[in-house]
1. So how many residues does the range 220-239 have that are in contact with a Gly (Cβ under 7 Å, 6 or more places away or on another chain) and surrounded by fewer than 21 Cβ atoms within 10 Å (Cβ to Cβ)?
2. In the list Asn146, Asn169, which residue meets the criterion of being at pLDDT below 95 and out of contact with any Phe, Trp or Tyr (no Cβ under 7 Å at 6 or more places or on another chain)?
3. Restricting attention to the range 19-48, report how many residues are over 24 Å from Ala79 (Cβ atoms), part of a helix (DSSP H, G or I) and among the aromatic types (Phe, Trp, Tyr).
4. Considering only the range 298-316, I want to know if a residue exists there that is open to solvent by 10 Å² or more (accessible area, probe 1.4 Å), among the hydroxyl-bearing types (Ser, Thr, Tyr), at negative phi and under 18 Å from the mean Cα position of the chain (by Cα).
5. Do the conditions hold for Gly199, that is, is it over 25 Å from the mean Cα position of the chain (by Cα), over 23 Å from Tyr351 (Cα atoms) and among the small types (Gly, Ala, Ser)?
6. Only one of Phe222, Phe240 is on the phi < 0 side of the Ramachandran plot and either in contact with a helix residue (DSSP H, G or I) (Cβ under 6 Å, 6 or more places away or on another chain) or modelled with pLDDT under 95 (or both); which?
7. I'd like to check something: does the range 272-291 contain any residue that is surrounded by 15 or more Cβ atoms within 10 Å (Cβ to Cβ), closer than 27 Å to Pro12 by Cα and either at pLDDT below 95 or among the aromatic types (Phe, Trp, Tyr) (or both)?
8. Please go through the range 58-111 and give me each residue that is surrounded by 20 or more Cβ atoms within 10 Å (Cβ to Cβ) and at positive phi, ordered by number.
Amino acid sequence: MSVTLPHAALMPPFTEEHEELRRSIRGFVERELTPHVEQWEADKWFPNEVFHKLAAQGFIGLKFGEEYGGEGGDHLHAAILCEELSRTGSAGLAVGICAHVDLAMPPINGFGTEDQKQRYLVPAIKAEKIGALAITEPGAGSDVANIQTRAEKVDGGWIVNGEKVFITNGVRADFYVAAVKTTPEGGHGGMSFLIIDKGEGVTATALSKLGWHCSDTGAIAFQDVFVPDENLLGEVNGGFKLIMENFQWERLVLSMGAIAGAQAGLELTLEYVKQREAFGRPIGTFQVNRHTIAQLATELYAARAQAYDALRKFVAGENAAIEVSMVKLFSQRICLNVADECVQLHGGAGYMSGPIERGLRDARLGPIGGGTDQVMREIIGRSFGL
């Protein structure tokens, strides 16, 4: 028996046309991805064939121009892909795909030259090259202005030295969209972006982590890496603007993915409490459990409505930085609590390896990745003039 929560119906800003796409993606995910999740989680890796299959369906290029091999859609189409990928029961699989589609590719699409788009965006849409966004460093997470990876100008390009860490797709990536320091003083005004090909002088080391097991997370070392002038992305010392442009979408993607994943976990739990019996009746009929389900469903509905409102403003071109920060802060803790309660409602079965147990581990990164809860509160608080 399959159970779908009643609030999964059409909600603005999505239309019936978007829901047709959702049905198509959901069918693909259920056929091609979900059956393999347990094996990929055990392997702590999913094959690049996943990207190839997505590309063949046109899903990687949903929001990119047709002139580059994309589908000519927009952020709403990409949001649907993110949500449906998160229903596989593996946030690691979803984020590994979305790190390529929603983090590495958009800066090239938005700020790249025509030459850069031909060399990187076109093959990325075809899944011939996989990208990773490389910003975080051992000493610079949310404080992005403190990055220390240095790019020194030389004849014909740049010499890059430094280290990045916690980079999703860091091991499998063919290229990195990397933030580098291009002035001695650094800071917001001394940061630039370079597209760095994996090759001589680039070392990627896999990291072990609590959740997101089948996505590769890497530590990247750059040692005297030469990057040609034509791989400067955007303006010299204009990298902070690029980061800020990408942050809103990254935080929306993380939030919508977490909400969709939490709903999938709650649907499995609802199915379980209707079947599992104790003291002669299904455990879902006990008031304490029935009320728990009601509360979780209500919180997820509120989180989704908030996320879709911020998405609507973002797609309309409004400055939705505060709303997005609120969504990130609000939704991630709700999703973590939903995952925890799903384990509780499953009892001992929820503690065994599987989608419910994995959901709790995967959800713990939500309040950290893409900007911590503390940073979100600071952004929101400062917006009030405090």
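1. So the answer is 6.
2. Going through Asn146, Asn169 in turn, the sole match is Asn146.
3. Number satisfying all stated conditions: 0.
4. Among the residues of the range 298-316, at least one is open to solvent by 10 Å² or more (accessible area, probe 1.4 Å), among the hydroxyl-bearing types (Ser, Thr, Tyr), at negative phi and under 18 Å from the mean Cα position of the chain (by Cα), which makes the answer yes.
5. yes
6. Exactly one of Phe222, Phe240 is on the phi < 0 side of the Ramachandran plot and either in contact with a helix residue (DSSP H, G or I) (Cβ under 6 Å, 6 or more places away or on another chain) or modelled with pLDDT under 95 (or both), namely Phe240.
7. So far as the range 272-291 goes, no, none of its residues is surrounded by 15 or more Cβ atoms within 10 Å (Cβ to Cβ), closer than 27 Å to Pro12 by Cα and either at pLDDT below 95 or among the aromatic types (Phe, Trp, Tyr) (or both).
8. Gly89
The values are calculated or read from the model by the stated rules, or taken from the named source; none is laboratory data. Keep in mind the model is a prediction, meaning the values are calculated, not measured. As a convention, Cβ positions derive from the backbone with ideal geometry for all residues, glycine included, and neighbour counts pool all protein chains shown. Surface accessibility is based on the protein's heavy atoms, side chains included, excluding ligands, DNA and RNA. Shrake-Rupley method; radii C 1.70, N 1.55, O 1.52, S 1.80 Å.
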